[in-house]
Ligand SMILES: Cc1cc2nc3c(=O)[nH]c(=O)nc-3n(C[C@H](O)[C@H](O)[C@H](O)COP(=O)(O)OP(=O)(O)OC[C@H]3O[C@@H](n4cnc5c(N)ncnc54)[C@H](O)[C@@H]3O)c2cc1C
């Protein structure tokens, strides 16, 4: 017998970093929430896997991100507490250093955020960098900006904690049940999966690399970028790269070319290029095999600046960025449907913001303006 579809205040499609965060924020506000994912997150098929993600307060990409990242720090700590995890189990402060030429985009960007928001930072020349971290070998003309609040988030554990928190607050989470389509329905939205249809007052589209397809109309200029993460065994042991002696570090190692490394938490030093990956229209087409040339390219780039990181490769995995043309987020209501919220906060730097993105999404779903400025993430800029 066909009954009325199950009805919720809000349905979240995609339960990775941002969908799970949105489910937490919505459920915390007392709303009835259903969430759907095509897999069982945390999994290794989207954008949120690979053990660690960098968080930094001195935001090179634009000072407008600073209020949002500060809120994210608070919310990660709150999640550690509410989920019964100890301090440092989701977010570990290691300090962070950005290294490059004084006139590079990265260095100018972090300095601008520091100045505009009065944030602490320390400028170091190449000798001072080597003196403090003998594992780093910057070129003579390079400088470093040290962010004492830089650190690392444990990605899969963060997603797990958000899903647990959402479920504890009453969200109904459906794994291995992809959303096939949605449609406006009276004042709300209907969502269709292989198991049936569901009704809601609003829907949040948070399907990461699959969001372009899920949004469908308008066709958004979101592209999927293949990114390889490689864990190197430090030559001569991991001591110098451990989290107590090594901050997370980003290098503009050549003009406009970026790479990052995260400390060794016992399983090697994770390194990767930031951007520079192959671009695709669809996540299904991304080559998931790590090639020898992927590892070799990274090894070549780090050999001069991190000579002690020349050990063997312990493992490697492919991940995906979902890029907008200007590399800022997309966080807005659908232009044709005010109760459809599109959450696409990636371009390779969105993880750290997850709980703050979740709050912004919950505000948008309620027709409210978030407490931090998200006007830079509007959809109109992406529509020709
Ligand atoms: C290698 C790498 C390094 C990065 N480093 C950093 C970093 O240091 N710091 C930082 O802040 N950010 C970083 N990022 C970016 C950050 O990880 C992403 O911004 C973030 O993970 C995006 O989360 P998401 O929820 O949008 O996507 P995902 O976590 O991929 O979630 C999308 C979910 O949607 C599901 N889905 C897909 N289709 C459907 C459907 N039809 N119905 C239901 N569910 C569906 C998928 O199964 C998936 O679980 C990095 C990304 C990569 C790839």
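Does anyone have the angle between helix 66-82 and the longest principal axis of the chain? Alpha-carbon axes, 0 to 90°, nearest 10?
Between helix and principal axis, roughly 70 degrees.
Could you state the angle between the C-alpha long axis of helix 105-117 and the longest principal axis of the C-alpha atoms of the chain, as a value from 0 to 90 degrees rounded to the nearest 10?
The answer is roughly 70 degrees.
Residue separation times 0.36 nm, minus the C-alpha to C-alpha distance between residue 245 and residue 168: what's the value?
Computed gain between residue 245 and residue 168 is 24.0 nm.
If you take every DSSP beta bridge whose two residues both sit in the chain, what share of them, in percent to the nearest 5, is antiparallel?
Approximately 75 percent, going by the DSSP bridge assignments.
Apply 1/(1 + (r/R0)^6) to the Cβ-Cβ distance of residue 373 and residue 275, taking R0 = 30 Å, and write down the FRET efficiency to the nearest 0.05.
Result of the calculation: an efficiency of 0.75.
Please state the relative contact order of the range 307-384 as a whole percent: Cα pairs under 8 Å, 6+ residues apart?
With pairs under 8 Å counted, the relative contact order is 31 percent.
Quick one: if you stick a label point 7 Å off each Cα along the C-beta vector at residue 78 and residue 7, how many nm between them?
3.0 nm
Separation of the range 160-177 and the range 22-90 by C-alpha centroid, Å?
The two parts, judged by their Cα centres, are 14 Å apart.
Using a simple spin-label model with points 7 Å from Cα along the Cα→Cβ vector, what separation in nm is obtained for residue 380 and residue 132?
Inter-label distance under the simple model: 4.3 nm.
What ranking do 315, 245, 53 get, fewest neighbouring Cβ atoms within 10 angstrom at the top?
315, 245, 53
Taking a ≥ b ≥ c as the square roots of the eigenvalues of the Cα gyration tensor of the chain, is the shape rounded (a/c under 1.5), prolate (a/b larger than b/c) or oblate?
Taking the square roots of the gyration eigenvalues as a ≥ b ≥ c, the chain is prolate.
Can you give the helix-only mean residue ellipticity at 222 nm for the chain, where every DSSP H stretch with n ≥ 4 adds -39500 (n - 2.57) and the sum goes over all residues, rounded to the nearest 500 deg cm²/dmol?
-7500 deg cm²/dmol
Based on the Cβ-Cβ distance of residue 288 and residue 315, what FRET efficiency does E = 1/(1 + (r/R0)^6) give at R0 = 22 Å, to the nearest 0.05?
0.95
Give the order of 83, 250 when sorted by the count of other beta carbons within 10 angstrom, beginning with the fewest.
So the residues, fewest neighbours to most, are 83, 250.
On C-alpha positions alone, give me the angle between the axis of helix 155-168 and the longest principal axis of the chain, in degrees, nearest 10.
Once rounded, one gets 30 degrees.
So, by mean Cβ neighbours within 10 angstrom, what's the order for 34-47, 100-113, 283-296 with the highest one leading?
My ranking of the peptides, most packed first, is 34-47, 100-113, 283-296.
Could you tell me the relative contact order of the chain? Use alpha-carbon pairs under 8 Å, at least six residues apart, and round to a whole percent.
Dividing the mean separation by the residue count of the chain yields 23 percent.
Throughout, read-outs are computed from the coordinates displayed, never taken from laboratory work. On a predicted model such as this, the values are computed, not experimentally measured, just so you know. Cβ atoms come from the backbone with ideal geometry, glycine included; neighbour counts cover every protein chain shown.
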